[in-house]
Structure formats: structure tokens, C-alpha cells
Amino acid sequence: MRKVLKLSLYFIVLLILQEILFRVCFPIPELSNFDRGFYTEKDEKLAKGYVRNRSYYWESSVDTSHKFVHHYNRYGFRDKEWKVEKGADKPRVLFIGDSYVESVMSDSTMTEYFHNMANSDAVEVMNAGMLGIGFTRYLRLLTDMVPIFRPDVVVMVVYANDFMDDKITVPTNYATPIYYEWWKPRVVELLEQWKRGTPVPFRWGVEAKPLFAKAGENGFVWNGALDKMEVHAEPFLADAMKAGTFNHHRLNEIKREALYLKKQHDLRLPMDYFRFYAAKFQFEPLVVYIPSRNQITDHYLQYEFQLCKTCDSRLSLTDSIYNQNQVQLEKVCADYNLPFVNLSNVIRAEENRGNHLYWNYDGHLNEKGTELVAEEIYQFFVHTGQD
């Protein structure tokens with residue numbers, strides 16, 4: 001009898017140790033139906049699956065040899081791990097935006113800078129920045145995240161290229177959170193996820209993968225016109241794009257930028273929805289506008305024209321016709337009583353002093369620019385007494 005008891009105890013201890021090992025090595029989030037991959041496309045039918053616990057790097061070899069590694073949390077965002085339940089007496093600030101919030105060309109993110117400025121012990125900050133999305137996906141992300149994570153403040157950071165999002169749609173429902181069953185043995189959960197095709201990433205040893213495809217790979221937008229790339233861009237830039245070490249979407253980007261900035265956009269729908277949702281779930285809203293560098297100064301045109309050799313060299317996006325949408329955005333925010341911060345003047349002042357806040361070829365904010373934006377947002381809360 002004692003032998004049976006010892007053997008039973010041995011197996012119980014073994015199972016406990018195995019469970020601990022599996023939970024440590026294969027962590028899963030609290031929620032099973034929330035992930036960055038659900039929001040990566042404008043069309044929800046095209047959205048990809050889970051991207052949690054992965055690492056990627058953003059590269060711009062024509063600007064710097066440094067690679068900017070993005071470590072995704074268990075929900076697929078470039079941030080620390082998130083918990084559904086808020087800390088006691090600690091306000092939660094949620095940032096929603098695109099690659100400028102994700103801070104793709106900066107080692108520290110905008111939200112990390114904000115968090116440090118606001119005293120990390122006094123506030124919780126969430127970075128829901130996602131490269132490549134616009135108003136439609138902002139609203140979808142907002143709609144699902146707010147009822148789950150219950151932020152006290154939501155900062156929607158709008159960048160100039162968000163005006164490309166012409167067909168903005170408003171969600172009609174929000175996701176009901178589905179929790180993983182904490183009591184279920186982790187090995188059973190992992191087997192079920194494997195059968196469903198859900199990735200089960202290992203906690204350690206995740207190798208960072210490049211974010212840009214090379215010529216010939218799926219996702220490289222110029223595969224059908226490789227021989228024509230040098231017509232539009234300087235050879236060293238075209239070569240870097242083909243090698244996957246520079247963003248291939250930058251080819252002729254200023255030409256596209258001029259088209260969507262020149263066009264007037266109706267921004268009432270997304271801002272009205274933001275106002276409505278803030279009232280419904282009792283959070284403080286804030287809209288922040290980050291301008292394109294070309295709206296601010298002509299300094300970067302020397303680099304833009306190397307990426308668009310067919311462009312008219314007289315083109316300048318500092319003219320008022322290319323700066324009408326942020327003016328309209330500010331007016332709409334005022335109409336809906338939404339606090340609004342336009343960073344154009346602050347960035348212009350720095351650029352005029354020779355403090356360049358953007359990378360030359362990539363076009364995103366550099367480390368200094370990312371920190372400045374975080375500082376301005378933080379100062380808004382200080383001056384309005386919300387800090």
C-alpha cells in the first residue's frame with residue numbers, strides 16, 4: 001500500500017512540475033479572441049491570424065545600419081504584457097495609432113517615453129500602435145479594446161497618411177471577451193490550439209524576422225516592375241528595397257502624399273464616433289495630429305526626389321492646400337468638444353532650428369522626434385490637470 005501511495009505521489013509531483021514547466025515555457029494571454037492579427041487589414045475578411053509573442057525588425061539601411069527590433073507581447077503589440085484588470089488607483093492610458101505610435105524607427109516607443117515622463121508608478125500606459133492602419137481600423141480597435149481594458153484616457157494619434165482612409169466605416173458591435181480556462185492543463189490547451197492552427201510560441205529564443213519582403217518574395221509590391229524601379233529611384237535606393245533592407249513602399253511616396261493631402265476629407269464620422277464612445281464608456285478622449293515632415297519643411301525634399309525621380313522638382317507640400325485636412329480635423333474636434341493637439345507648430349519650430357526629427361529616407365520620426373511627441377502629449381495632460 002505504501003508503495004502505491006509513493007508511486008501516486010510521485011506521479012502527482014511529476015504532473016505538477018510538468019504543468020509549471022509548460023506554463024513557464026508556453027505562456028498564453030488571458031483572452032483567446034483578441035490579437036493584433038485581427039486588425040491588420042482594412043477589410044476584416046483579409047485579417048490574418050495570431051501574431052503574439054513574436055519579434056520583427058524594421059530596417060532602413062540607407063539611413064542607419066541599426067535594426068529596430070519590435071518585441072510583440074502576447075496580444076501582438078509592441079509593448080509590455082497587458083492585464084485585463086487595472087491596477088488599483090492607477091489610471092490607464094491607451095494610445096491608438098499607426099507606425100508613429102508603434103515607433104518603428106526608434107528604440108524606445110512613444111508610449112515608453114510618455115510612461116517615464118508621467119512617473120511609471122503612477123500611471124499605466126498601453127501601446128496599441130499598428131503600422132499600416134488608418135481610421136477604420138482605429139475605430140475597430142477602439143471598439144473592442146475599451147470595453148475589455150477599460151482605459152481612463154484614450155489618445156488617438158492621427159498621422160498625415162490617415163487621410164488616405166477615404167471609406168471609413170464604423171463598427172456596429174464590439175467583441176465579447178473569451179478567456180482561456182486557467183484550470184485546464186497547459187498541455188491540453190496547447191494541443192487544442194495546435195489543432196486549430198493557432199501559433200504556440202515559445203517564451204525564449206524568438207528570432208527577430210525582417211518586416212520587409214525582398215524582391216521576388218510575396219509582399220514585395222514591385223515584383224512586376226523590378227526593371228523599372230531605377231526609373232523612379234536612385235539605384236542605391238532601389239537596390240536596398242530589392243534586398244529587403246529599406247521600405248519598398250517609399251518609392252514615389254511623395255507623389256501619393258501630394259494626392260491625398262490635396263483632397264478634402266470629411267472627418268466628422270470618426271470623430272463623432274470617438275466622442276460617442278468616450279461618453280458611453282466614460283474615458284477622456286484626446287486627438288493628436290502628427291504632420292508629415294513635408295508639410296512642415298522642404299528640407300527633406302532632397303531625399304524624397306531621390307525616391308521619386310519623375311516628380312516635379314517644384315513640388316512643395318508646405319502650401320496651404322496640402323495642410324487643409326489637419327485644420328478641418330481641429331475644427332471637427334472643436335465641434336464635438338474633443339481635445340485636440342496639433343503638433344505642426346512645435347515640430348516646425350524644431351526643424352527651423354535645425355533639429356531634424358525625421359529620418360532622411362525612411363520618413364518616420366527618429367528617436368529625438370519620438371521623444372518630443374511624447375513630451376508634448378504629456379505636457380497637455382499636465383497643463384489640463386489630468387496628470
(message) Tell me the residue from 65, 55 that is at pLDDT 90 or above, out of contact with any Gly (no Cβ under 6 Å at 6 or more places or on another chain), open to solvent by 40 Å² or more (accessible area, probe 1.4 Å) and closer than 24 Å to residue 213 by Cβ, please.
(response) 65
(request) Would you mind stating whether residue 204 is of a type outside the set (Lys, Arg), modelled with pLDDT under 95 and assigned to a loop (DSSP other than H, G, I, E, B)? (result) yes
(request) Starting from the stretch 372-387, take each residue that is within 12 Å of residue 115 (Cα to Cα) and list its partners that are modelled with pLDDT under 80 and surrounded by 15 or more Cβ atoms within 10 Å (Cβ to Cβ), counting only C-beta distances under 9 angstrom and pairs at least six apart or across chains. (result) 378/387
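Given 358, 300, which one is of a type in the set (Ser, Thr, Tyr), touching a Phe, Trp or Tyr at 6+ places or on another chain (Cβ under 7 Å), within 22 Å of residue 376 (Cα to Cα) and modelled with pLDDT of 95 or more?
Working: 300 fails: within 22 Å of residue 376 (Cα to Cα).
Going through 358, 300 in turn, the sole match is 358.
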(request) Determine, yes or no, whether residue 180 is out of contact with any Leu (no Cβ under 7 Å at 6 or more places or on another chain) and more than 29 Å from residue 297 (Cβ to Cβ). (result) yes
(request) Count, please, the residues in the stretch 186-220 that happen to be open to solvent by less than 60 Å² (accessible area, probe 1.4 Å), in contact with a helix residue (DSSP H, G or I) (Cβ under 6 Å, 6 or more places away or on another chain) and not hydrophobic (A, V, I, L, M, F, W, C). (result) 1
(message) For the stretch 111-148, give me each residue that is touching a residue at least 40 places away in the same chain (Cβ under 8 Å), among the hydroxyl-bearing types (Ser, Thr, Tyr) and farther than 26 Å from residue 325 by Cβ.
(response) 113
(request) Of all residues in the stretch 244-277, count the ones that are within 20 Å of the chain's Cα centre (by Cα) and either surrounded by fewer than 16 Cβ atoms within 10 Å (Cβ to Cβ) or closer than 30 Å to residue 150 by Cα (or both). (result) 4
(request) Please determine, by comparing only the residues of the stretch 16-44 that are open to solvent by 60 Å² or more (accessible area, probe 1.4 Å) and at pLDDT below 85, which one is nearest to the chain's Cα centre (by Cα). (result) 42
(request) Would you kindly identify the helices (runs of 4 or more DSSP H) lying entirely within the stretch 285-387 that contain at least 3 residues that are open to solvent by 40 Å² or more (accessible area, probe 1.4 Å)? (result) 324-335, 344-352, 367-383
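The values are calculated or read from the model by the stated rules, or taken from the named source; none is laboratory data. From a predicted model like this one, the values you see are computed outputs, not experimental measurements. Positions of Cβ are generated from backbone atoms using ideal geometry, with glycine treated the same way; all protein chains shown enter the neighbour counts. For the accessible areas, the whole protein counts, side chains as well, though only heavy atoms, and no ligand, DNA or RNA atoms are used. Shrake-Rupley method; radii C 1.70, N 1.55, O 1.52, S 1.80 Å.
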